[in-house]
Amino acid sequence: MEREIIRTSRAPKAIGAYSQAVRVGQWVWCSGQIGLTPDTMQLVEGLEGQTRQVLDNLNAVLVEAGSSIEHLLRVRIYLTEMVHFDTVNRIYEEWVGTIPPARETVAVRELPMSALVEISCEALADVD
């Protein structure tokens with residue numbers, strides 16, 4: 001199977017040597033997103049704002065890859081402080097709906113551009 005690189009202007013361009021996502025057949029691997037706005041490449045202020053922007057960015061990448069939130073298989077959440085868990089989890093639950101994918105949440109010392117949260121995921125595409 002051929003590897004397809006996924007790119008969309010509706011999510012921030014890569015700030016390093018990575019693709020927004022890679023698709024092989026029906027499998028989609030989305031790189032970690034931080035709370036950058038696609039048009040300005042500036043980090044949104046505050047934990048809630050960053051979390052919502054991260055999820056908007058991931059949604060844009062999933063759609064570009066022919067997938068959606070409903071087809072998520074696994075999500076990884078990275079937090080700079082575990083005290084942020086409840087806030088991020090509340091916003092994530094709103095986004096993911098009633099049938100959540102597998103997930104882990106990990107505390108890390110720091111994230112790129114001093115972000116507070118980063119989220120990556122895997123999903124299936126074109127399953128309908």
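Determine which member of the set Glu81, Glu64 is in contact with a Ser or Thr (Cβ under 7 Å, 6 or more places away or on another chain), open to solvent by 10 Å² or more (accessible area, probe 1.4 Å) and at pLDDT 95 or above.
Numbers: Glu81 fails: in contact with a Ser or Thr (Cβ under 7 Å, 6 or more places away or on another chain).
It is Glu64.
Would you check if Thr8 is in a strand (DSSP E or B), over 12 Å from the mean Cα position of the chain (by Cα), polar (S, T, N, Q) and buried (at least 16 other Cβ atoms within 10 Å of the Cβ)?
Numbers: in a strand (DSSP E or B): no; over 12 Å from the mean Cα position of the chain (by Cα): yes; polar (S, T, N, Q): yes; buried (at least 16 other Cβ atoms within 10 Å of the Cβ): yes.
Considered against the rule, which asks whether it is in a strand (DSSP E or B), over 12 Å from the mean Cα position of the chain (by Cα), polar (S, T, N, Q) and buried (at least 16 other Cβ atoms within 10 Å of the Cβ), Thr8 comes out as no.
Just one of (1) over 21 Å from Ile99 (Cβ atoms); (2) among the basic types (Lys, Arg); (3) exposed (fewer than 15 other Cβ atoms within 10 Å of the Cβ) trips up Arg74, so point out which.
So the condition that Arg74 fails would be (1).
Test each condition in (1) farther than 16 Å from Gln20 by Cβ; (2) open to solvent by 50 Å² or more (accessible area, probe 1.4 Å); (3) outside any strand (DSSP E or B); (4) not acidic (Asp, Glu) for Gly49 and report the one that comes out false.
Only one criterion is unmet by Gly49, namely (2).
Can you report the number of residues in region 114-124 which are surrounded by 15 or more Cβ atoms within 10 Å (Cβ to Cβ) and not in a strand (DSSP E or B)? Reasoning before the result, please.
Keep residues of region 114-124 that are surrounded by 15 or more Cβ atoms within 10 Å (Cβ to Cβ), which gives 115-124.
So of that shortlist, the ones also not in a strand (DSSP E or B) come out as 115-116.
Result for region 114-124: 2.
So which pairs qualify, if the first residue must be in region 89-116 and within 19 Å of Leu73 (Cβ to Cβ), the second must be of a type in the set (Gly, Ala, Ser), the Cβ gap must be under 9 Å, and the two must be at least 6 apart or on different chains?
Pairs found: Pro101/Ala123.
With the requirement that a residue be more than 23 Å from Glu81 (Cβ to Cβ) and free of Cβ contacts under 8 Å to residues at least 12 places away in the same chain, what does region 10-54 give you?
Correct list: Ala17, Asp39, Thr40.
Criterion first (part of a helix (DSSP H, G or I) and acidic (Asp, Glu)) does Asp86 satisfy it? Walk me through how you get there before you give the answer.
Details: part of a helix (DSSP H, G or I): yes; acidic (Asp, Glu): yes.
Yes; evaluated as a whole, the condition is true for this residue.
Restrict the check to region 91-113 and report whether at least one residue is buried (at least 17 other Cβ atoms within 10 Å of the Cβ), within 20 Å of Ala14 (Cα to Cα) and at pLDDT 95 or above.
yes
Would you please name the residue that is farthest from Tyr78 (Cα to Cα), looking only at residues in region 22-45 that are touching a Leu at 6+ places or on another chain (Cβ under 8 Å) and surrounded by 17 or more Cβ atoms within 10 Å (Cβ to Cβ)?
Selected residue: Val28.
The values are calculated or read from the model by the stated rules, or taken from the named source; none is laboratory data. Just so you know, these numbers come straight off a predicted model, no measurement behind them. Cβ atoms come from the backbone with ideal geometry, glycine included; neighbour counts cover every protein chain shown. When the accessible area is computed, the model is the full protein with side chains, heavy atoms only, and any ligands, DNA or RNA have been set aside. Shrake-Rupley method; radii C 1.70, N 1.55, O 1.52, S 1.80 Å.
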